[in-house]
Amino acid sequence: MTAVRDRLDEQAAHERRRAVRALLMSPLLHAERDLDRFRLVRRHADWLRRWFADQAGWTLTVDSTVARLRKVLPTLDDGTRPARARRADPPFSRRRYVLLCLALASLETADRQVALGRLAESILGSVAADPALADAGVTFDLDNRDQRRDLVAVVRLLLAFGVLRLVDGTDTDFVTGTGDALYTIDRSALAALLVTRNAPSGIDATTLDERLAAVTAEFVATTPDGHNRAIRTHLTRRLLDDAVVYHDDLDEAEQAYLTGQRHRLTTTVAAATGLVPEVRAEGIAMVDDRGDATDLEVPDQGTDGHLTLLVAEHLADCLRADPDTIVTRAELEVVVAACIAEHAPHWRRDVRDAGAEVRLAAEVVDRLAAIRLVRVDGDGIVPRPAIARYAVAAPTLPPTPPSLFEA
């Protein structure tokens with residue numbers, strides 16, 4: 001019986017790790033389109049709720065149709081992962097973020113189904129009725145094709161979130177003005193989308209930074225235990241969310257806590273997630289050796305992946321030559337141009353376009369910054385210690401033993 005019980009416990013632990021990884025990868029799961037992962041999360045919902053609440057201070061809600069992990073980011077100034085409707089799409093602009101908020105507000109009061117044109121008219125009315133948007137330079141014009149594309153990008157993001165489901169038509173018809181598209185609204189997903197600790201309507205702050213801090217503010221007990229718990233929660237969030245946690249990104253209290261509790265923190269996260277802790281003098285990385293809990297990684301396939309590896313190698317060499325090196329964007333664009341000249345026959349055609357090196361260099365920098373391999377400081381690119389793994393050195397061979405036939 002003991003062996004059977006141990007086997008069942010081992011199976012349950014394995015399933016819980018899969019469930020944690022599923023939620024880290026997709027914090028909003030739908031029973032209809034994510035059936036296997038949703039069932040796994042629902043089966044272990046009680047354990048998952050307790051673990052996320054105790055270790056990261058995150059709330060997990062699970063009902064018959066939706067599982068939602070309400071994550072609170074460890075920092076509020078990370079702009080390295082902007083919203084994108086699709087992976088290859090450009091990041092959301094300021095207008096698109098505004099349209100997203102207005103679309104969500106409109107969908108709250110819409111019928112079960114909504115046409116894209118009707119949603120556009122509702123947003124148009126909201127923009128016209130709010131002088132603050134005009135004062136902020138936010139406009140929306142249905143006669144402008146680029147702005148219609150902005151709305152379509154918002155709708156595609158909501159499709160990716162599962163808030164909308166396409167019933168009929170295409171968004172391309174809306175952009176070209178030749179037709180419309182009809183969507184069904186998933187009320188459960190819509191209600192679960194917003195993640196705040198405090199109601200935005202009750203916030204008096206005016207600046208963006210102040211409002212973000214206010215809606216995400218959490219109660220911290222003014223006791224030593226409360227202070228330590230807040231630090232532990234913050235560090236766990238970073239270990240779960242950040243590709244690398246560098247010591248120099250932490251304040252003195254966090255560094256001291258991590259020094260004393262490093263083994264406990266990394267062991268706890270590793271046991272629940274299956275991520276592998278890699279501890280170095282500069283920081284800690286929880287390595288996803290399976291790749292199923294990571295939204296962005298290097299290496300990757302295709303032109304973008306190859307170029308990213310080549311640029312990472314160059315920056316790693318720069319760091320090895322000078323630990324205080326800063327590479328300017330202009331210098332990096334020269335490197336990218338040289339890579340294009342060498343590898344263009346094997347890469348996609350648009351790398352030959354005039355000025356492609358500027359766009360590609362910017363994309364590579366954004367990717368490397370998102371996984372904490374570089375830091376962007378104005379016009380300078382600062383390679384960070386973890387990029388050293390992409391340095392390439394000449395191979396070394398052990399000395400050849402003397403031949404038995406040598407005198």
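Under the condition of being in contact with a Ser or Thr (Cβ under 8 Å, 6 or more places away or on another chain) and assigned to a helix (DSSP H, G or I), which residue from region 292-336 is farthest from Asp242 (Cα to Cα)?
Looking only at region 292-336, we keep the residues that are in contact with a Ser or Thr (Cβ under 8 Å, 6 or more places away or on another chain), and these are 293, 298-300, 318-319.
Remaining after also requiring assigned to a helix (DSSP H, G or I): 318-319.
Working: Cys318: 24, Leu319: 21 Å.
This residue is Cys318.
Going residue by residue through region 120-137, is there one that turns out to be crowded, with 20+ Cβ neighbours inside 10 Å and assigned to a loop (DSSP other than H, G, I, E, B)?
So far as region 120-137 goes, no, none of its residues is crowded, with 20+ Cβ neighbours inside 10 Å and assigned to a loop (DSSP other than H, G, I, E, B).
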Can you report the number of residues in region 356-378 which are closer than 12 Å to Glu333 by Cα and open to solvent by 60 Å² or more (accessible area, probe 1.4 Å)? 3
List pairs: first residue in region 205-234 and farther than 16 Å from Asp251 by Cβ, second residue of a type in the set (D, E, K, R) and in a helix (DSSP H, G or I) anywhere in the structure, Cβ distance under 7 angstrom, at least six positions apart or on different chains. Ala205/Arg211
Unique match (being under 20 Å from Val72 (Cβ atoms) and open to solvent by less than 40 Å² (accessible area, probe 1.4 Å)) among Arg237, Arg229: Arg237
Within region 315-352, work out how many residues are open to solvent by 60 Å² or more (accessible area, probe 1.4 Å) and within 30 Å of Arg238 (Cα to Cα). 7
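Applying the selection to region 41-57, what residues are free of Cβ contacts under 8 Å to residues at least 60 places away in the same chain and under 27 Å from Leu235 (Cβ atoms)? Before the answer, list the steps.
Filtering region 41-57 for residues free of Cβ contacts under 8 Å to residues at least 60 places away in the same chain gives 41-50, 52-54.
Scanning region 41-57 gives Val41, His44, Ala45, Asp46, Trp47, Leu48, Arg49, Arg50, Phe52, Ala53, Asp54.
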Hey, could you check region 298-314 for residues that are under 30 Å from Ala19 (Cα atoms) and surrounded by 14 or more Cβ atoms within 10 Å (Cβ to Cβ) and say which is modelled with the lowest pLDDT? Asp300
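Applying the selection to region 176-192, what residues are under 17 Å from Leu142 (Cα atoms) and either within 28 Å of the chain's Cα centre (by Cα) or crowded, with 19+ Cβ neighbours inside 10 Å (or both)?
Filtering region 176-192 down to residues under 17 Å from Leu142 (Cα atoms) leaves 176-181.
Within region 176-192, Ala181 is the sole residue that qualifies.
The values are calculated or read from the model by the stated rules, or taken from the named source; none is laboratory data. Keep in mind it's a predicted model, so treat the numbers as computed, not measured. Please note: Cβ atoms are built from the backbone with ideal geometry, for glycine as well, and neighbour counts cover all protein chains shown. When the accessible area is computed, the model is the full protein with side chains, heavy atoms only, and any ligands, DNA or RNA have been set aside. Shrake-Rupley method; radii C 1.70, N 1.55, O 1.52, S 1.80 Å.
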